[in-house]
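The values are calculated or read from the model by the stated rules, or taken from the named source; none is laboratory data. These figures come from a predicted structure and were not determined experimentally. Cβ placement follows ideal geometry from the backbone for every residue including glycine, while neighbour counts extend to all protein chains displayed. We work out accessible area using only protein heavy atoms, side chains counted, and drop any ligands, DNA or RNA first. Shrake-Rupley method; radii C 1.70, N 1.55, O 1.52, S 1.80 Å.
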Amino acid sequence: MLTTRTRRLTIAVTVTAALALGATACGGTTKSDAQKEGGAATAGKADPNAAMKRGLTVGYLPKQVNNPYFTSADNGGKKVLEELGEKYKEVGPSSGTDTSGQVSYVNTLTQQQVNAMAVSAQDPGALCTALKQAMQNGIKVVTYDSDTKPECRNAFVSQASAEDLGRTQVQLLAKQIGYKGEIAILSAAQTATNQNTWIGYMKEELKDPKYKDVKLVKVAYGNDDAQQSFQQTQGLLQEYPNLKGIISPTTVGIKAAAQYLSGSKYKGKVKLSGLGTPNDMRKYVKNGTVDAFELWDPAKLGELAARTAVALSSGQISGKEGETFKAGAMGSYTIGKDGVINLGKPTVFNARNIDQFNF
Ligand code: RAM
């Protein structure tokens, strides 16, 4: 049964939707930028010298609120927003496969009339109608970590070049298995834009003749759930007894796989690499389960998403390729093709350097 509060919210969202649709209809032939297919939705004309607005509210909607990676990322956003005199809020589902939950949270943020939202999408298309509606209501939309289709947001703050991330994960693992043997991928959700993009580049990398003796036998999905990822790892080893290595491009997956391997006869024999946080992975590097893996600083990713949201809301950028903006202490960033902004290069962690990192 709907509570009065939920009902009121539902009505408010419906009204917002009707208003947005009305605005579109009245717009006649001038289709809003947010609706055009193809590149990023650009928001008006940018003035790089426009003053930074204060008192803006930026809502964060991560893939999953109870994932430590997103706690670090979103706290990075919170910290800088508070320093800049803006307001921060966070909403989001606790499951990494709850796309309808994410849609409801977009609608909630729209109804609350935030100035901007930073979204890590569980699916490239599922949130689009809701996000376009938010943009039609004047809300700036930044995706971070995991993108939507470009026309459903103003800009995407990417953790690093997706191609580099895909290729380097294969390079790291292939070296560890001596460029020979069966490998598998343990991913997050089957629909996750970021993991699927990286996996595409992993497959490209594997076409290089130097990997002629490396065979990708399966892509499994642990849905960014610790227990499912643990079970999927166990399943992979049962199904492929000759497996030599696993790439897990998710902090939840790699941690669960390391936990499984470290308590099994495969410890140190079946290699594991991918994307993990140093704090999660330290003990598995020290006990010989894992040699090397990589990641960017999630707090910096959250900070750059905040700075991008503020620059968009202040009219300093519109999301067009070639626009440059100052991201405070982080330096200057230029918007690339399709409204993508790259944070930088990831760091490779191993026994030699892992103790220098605390996230
Ligand atoms: C998980 C999430 C996130 C991804 C990291 C590496 O926490 O799937 O989207 O970027 O791993």
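Table for the structure above
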quantity	calculated
Qualifying residue in segment 83-97 (condition: under 17 Å from the mean Cα position of the chain (by Cα), among the hydroxyl-bearing types (Ser, Thr, Tyr) and farther than 26 Å from Asn358 by Cβ)	yes
Hits in segment 107-123 (condition: more than 16 Å from the ligand (Cβ to nearest atom) and within 16 Å of the chain's Cα centre (by Cα))	Met117
Number of the exception - Gln238 against (1) under 23 Å from the mean Cα position of the chain (by Cα); (2) part of a helix (DSSP H, G or I)	(1)
Single match in Gly85, Gly101 (criterion: out of contact with any helix residue (DSSP H, G or I) (no Cβ under 7 Å at 6 or more places or on another chain) and assigned to a helix (DSSP H, G or I))	Gly101
Unique residue being away from the ligand (no atom under 16 Å from the Cβ), open to solvent by 50 Å² or more (accessible area, probe 1.4 Å) and free of Cβ contacts under 8 Å to residues at least 40 places away in the same chain when the list is Gly263, Gly336	Gly263
Selection count where residues are within 11 Å of the ligand (Cβ to nearest atom) and in a helix (DSSP H, G or I), scope segment 163-195	5
Of all residues making up segment 205-215, the number that are surrounded by 17 or more Cβ atoms within 10 Å (Cβ to Cβ) and assigned to a strand (DSSP E or B)	1
The lone exception for Asn196 - which of (1) buried (at least 21 other Cβ atoms within 10 Å of the Cβ); (2) on the phi < 0 side of the Ramachandran plot; (3) out of contact with any strand residue (DSSP E or B) (no Cβ under 7 Å at 6 or more places or on another chain) it fails	(1)
Residue, least open to solvent (accessible area, probe 1.4 Å), within segment 268-290, restricted to residues that are without any contact (Cβ under 8 Å) to a residue 60 or more places away in the chain and assigned to a helix (DSSP H, G or I)	Tyr284
Selection status of Ala226, of a type in the set (Gly, Ala, Ser) and open to solvent by 10 Å² or more (accessible area, probe 1.4 Å)	yes
Pair list, Cβ under 6 Å, 6 or more apart: segment 175-189 residue more than 26 Å from Asp123 (Cα to Cα), other residue of a type in the set (Lys, Arg) and modelled with pLDDT of 95 or more	Gln176/Lys271; Ile177/Lys244; Ile177/Lys271; Gly181/Lys244; Glu182/Lys215; Glu182/Lys244
Looking only at segment 291-319, and only at residues there that are farther than 24 Å from Lys87 by Cβ and more than 15 Å from the ligand (Cβ to nearest atom), the one that is surrounded by the most Cβ atoms within 10 Å (Cβ to Cβ)	Ala292
Yes/no for Ala258 being more than 23 Å from Ala192 (Cα to Cα), part of a helix (DSSP H, G or I) and more than 17 Å from the chain's Cα centre (by Cα)	no
Subset of segment 145-157 (residues that are within 16 Å of the ligand (Cβ to nearest atom) and surrounded by fewer than 24 Cβ atoms within 10 Å (Cβ to Cβ))	Thr148
Test result for Asn223, assigned by TED's automatic domain parsing to the domain that holds Arg167 and more than 13 Å from the ligand (Cβ to nearest atom)	no
Residues that are in a helix (DSSP H, G or I), touching an Asp or Glu at 6+ places or on another chain (Cβ under 7 Å) and more than 20 Å from Ala189 (Cα to Cα), drawn from segment 44-78	Asp74, Gly76, Gly77
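This table checks each residue for (1) more than 20 Å from Pro278 (Cα to Cα); (2) open to solvent by 30 Å² or more (accessible area, probe 1.4 Å).
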position	(1), (2)
Pro48	yes, yes
Leu56	yes, no
Leu61	yes, no
Val65	no, yes
Thr71	no, yes
Asp74	no, no
